[in-house]
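The values are calculated or read from the model by the stated rules, or taken from the named source; none is laboratory data. On a predicted model such as this, the values are computed, not experimentally measured, just so you know. No Cβ is skipped: glycine too gets one built from the backbone with ideal geometry, and neighbour counts run over all protein chains shown.
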Amino acid sequence: MLVLSRKNNESIVINDDIVITIVEIRGDKVRLGIVAPKDVPVHRQEVYEAIHGVKVPSALPAAG
């Protein structure tokens, strides 16, 4: 997994056509703005799992 640090209003670009921008950081929550082509589905993980009926493994190791 690639881990990047970004500040408010900074972005990352994926594959020349997807831009993810940090819109707001408030406490332990980060708001993201995502610009992607209309043919690229973008879902929160829990919505993706509900649509596809499959549990997506966490990208981060369990704390412990």
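General observations
- Pairs linking a residue in the range 31-52 that is surrounded by fewer than 11 Cβ atoms within 10 Å (Cβ to Cβ) to a residue that is modelled with pLDDT of 95 or more and in a loop (DSSP other than H, G, I, E, B), with Cβ atoms under 6 Å and 6 or more positions apart or on different chains, are 37/17.
- For the range 48-64, the condition of being more than 15 Å from the chain's Cα centre (by Cα), assigned to a strand (DSSP E or B) and of a type in the set (D, E, K, R) holds for none of the residues.
- Of the criteria (1) touching a strand residue (DSSP E or B) at 6+ places or on another chain (Cβ under 8 Å); (2) surrounded by 11 or more Cβ atoms within 10 Å (Cβ to Cβ); (3) of a type outside the set (Val, Ile, Thr), which one residue 4 fails: (2)
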